[in-house]
Number of protein chains: 2
Amino acid sequence: MNPHISEQFDAELDAARSQLMEMGGMVEKLLRDATEALVDQDAALAEKVKLADKRVNQLEVDIDEQCVNIIARRQPAASDLRTLISVMKASTDLERVGDEAGRIAKMAISLADLDYPTDEFSDFRHIATLTHQIVASGLDAFARLDTDGAMRVIASDQAIDDAYDELVRQRSSKMREDPESIEGDMCIIWAARALERIGDHAKNIGEYVVYLVRGQDLRGRGKHQLG
Amino acid sequence: MNPHISEQFDAELDAARSQLMEMGGMVEKLLRDATEALVDQDAALAEKVKLADKRVNQLEVDIDEQCVNIIARRQPAASDLRTLISVMKASTDLERVGDEAGRIAKMAISLADLDYPTDEFSDFRHIATLTHQIVASGLDAFARLDTDGAMRVIASDQAIDDAYDELVRQRSSKMREDPESIEGDMCIIWAARALERIGDHAKNIGEYVVYLVRGQDLRGRGKHQLG
């Protein structure tokens, strides 16, 4: 490849990566707004989340097209190909995080219609904090190709799963004792379920980082096997 | 490309597609077994599903490696590239269907421990039938690159969402009237939720077919835009 084309190619790769990070920032904000809307029973904020999720969906389509275009025109070597495929995969996960934030927003709207006590969100807040952290760490690890950070992301998903199981257990017994608040408790369980799924997507992003960097290592040792 | 290399390349593309279809067959069986295990409260069958899900996960990794390898070595033109990327995406969705079948199996095991009436599964059975159909139709549409079939798959996901919403509504009021059976009802709601998610994955597969075929059309009209 001549230096001019190689520079253009690097610029295209950087643009794809930046667009993914921009999408990540949008999704983080969606997630914060969705959980805030639920805890504050703020239906107006929840409606904003549902609208913003549409922009995130469009961004996934754009990133996908951009990456496929680059692959088709540039015919990149294995490690660059791996980067582009990881960007596409990560954008799919971020789009799904946006969908889950939309589901939390839907639950926030349902909950705002009920007369649910505002002081019963500490279990949900705990999971929300863990989820915000894992998404931020997953994006950081991807941006810096940090495998150690990615391994921590992969490991930390378990804490979210455990906190979620505990919330379901507690809320299920609460529902048995106080059947009147079942609708509200179900909303909170669904929203927590969405957070638990978001943890899975962040974990996927961590796995792409490992796949990416490990692949580059393999290539560095002269192997052609991918994956 | 010389004819010999072109034939090899076609054989590789076919092999990737066949492996995806094999994975699809495995996932369909997992789904059937998981829903049967739940309805029959058959913990032994549910354990088998959980084991088989591991093989499905490995198959996704294999298909992914195979496709990335083909792209790196063959540097395919846009429409073949699109096929390979669609195969990779569809395999991710099938792997997630396997995960959801695993979740249904987990619920089947929990339910088998409870003393839950065996005659209360008609709502769940209805969603299970719709879900089996949408997965089979999604795979068929992919195998035959049938956009009409794919459009029907995309449209039919709504029926599953509606049936699922209805099940949650009915079971939530039942829980209020009969708090003793909350654990069992929750198991069935979670399992139905897994079916609803499986419908989303089948819908995604339908969308890849449209993306694939529409892309080829665009290319046929001399456009270079992908997606």
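Scanning the stretch A:105-133 for residues that are under 15 Å from residue A:170 (Cα atoms) and crowded, with 20+ Cβ neighbours inside 10 Å yields A:124, A:127.
In this structure, residue A:60 does not satisfy being free of Cβ contacts under 8 Å to residues at least 40 places away in the same chain, in contact with a helix residue (DSSP H, G or I) (Cβ under 8 Å, 6 or more places away or on another chain) and closer than 25 Å to residue A:183 by Cβ. For the stretch B:112-132, a tally of residues being modelled with pLDDT of 95 or more and among the hydrophobic types (A, V, I, L, M, F, W, C) returns 4. Quick one: in the stretch A:55-72, of everything that is under 19 Å from residue A:103 (Cα atoms) and in contact with an Asp or Glu (Cβ under 7 Å, 6 or more places away or on another chain), which residue is surrounded by the fewest Cβ atoms within 10 Å (Cβ to Cβ)? It comes out as A:57.
Of the residues contained in the stretch B:174-190, none is found to be touching a residue at least 12 places away in the same chain (Cβ under 8 Å) and basic (Lys, Arg). Considered as a group, the residues in the stretch B:1-40 that are surrounded by 14 or more Cβ atoms within 10 Å (Cβ to Cβ) and of a type in the set (Val, Ile, Thr) include one that is farthest from residue B:129 (Cα to Cα), and that residue is B:27. Restricting the stretch B:2-34 to residues that are in contact (Cβ under 8 Å) with a residue 60 or more places away in the chain and of a type in the set (Asp, Glu), the residue that is farthest from residue B:56 (Cα to Cα) is B:12. Within the stretch B:41-54, being buried (at least 21 other Cβ atoms within 10 Å of the Cβ) and touching a Gly at 6+ places or on another chain (Cβ under 6 Å) holds for one residue alone: B:53.
Per the listing B:153, B:213, B:135, the residue uniquely in a helix (DSSP H, G or I) and at pLDDT below 95 is B:213. Within the stretch B:37-50, at least one residue is over 17 Å from residue A:82 (Cα atoms), in contact with an Asp or Glu (Cβ under 7 Å, 6 or more places away or on another chain) and among the β-branched types (Val, Ile, Thr).
Would you pick out the residues in the stretch A:124-134 that are under 20 Å from residue A:46 (Cα atoms) and in contact (Cβ under 8 Å) with a residue 40 or more places away in the chain? Selection gives A:124, A:125, A:127, A:128, A:131, A:132. Here the condition is being among the small types (Gly, Ala, Ser) and touching a residue at least 60 places away in the same chain (Cβ under 8 Å); of B:159, B:143, it holds for B:143 alone. Screening residue A:119 with (1) assigned to a helix (DSSP H, G or I); (2) free of Cβ contacts under 8 Å to residues at least 60 places away in the same chain gives one miss only, at (1).
When we screen B:185, B:200 for residues that are modelled with pLDDT of 90 or more, outside any loop (DSSP other than H, G, I, E, B) and within 17 Å of the chain's Cα centre (by Cα), the only hit is B:200.
Residue B:196: within 14 Å of chain A (Cβ to nearest Cβ), surrounded by 15 or more Cβ atoms within 10 Å (Cβ to Cβ) and among the acidic types (Asp, Glu), yes or no? Before the answer, list the steps.
Values: within 14 Å of chain A (Cβ to nearest Cβ): yes; surrounded by 15 or more Cβ atoms within 10 Å (Cβ to Cβ): yes; among the acidic types (Asp, Glu): yes.
The answer is yes for residue B:196.
The values are calculated or read from the model by the stated rules, or taken from the named source; none is laboratory data. Quantities reported herein were computed from a predicted structural model and do not represent experimental measurements. As a convention, Cβ positions derive from the backbone with ideal geometry for all residues, glycine included, and neighbour counts pool all protein chains shown.
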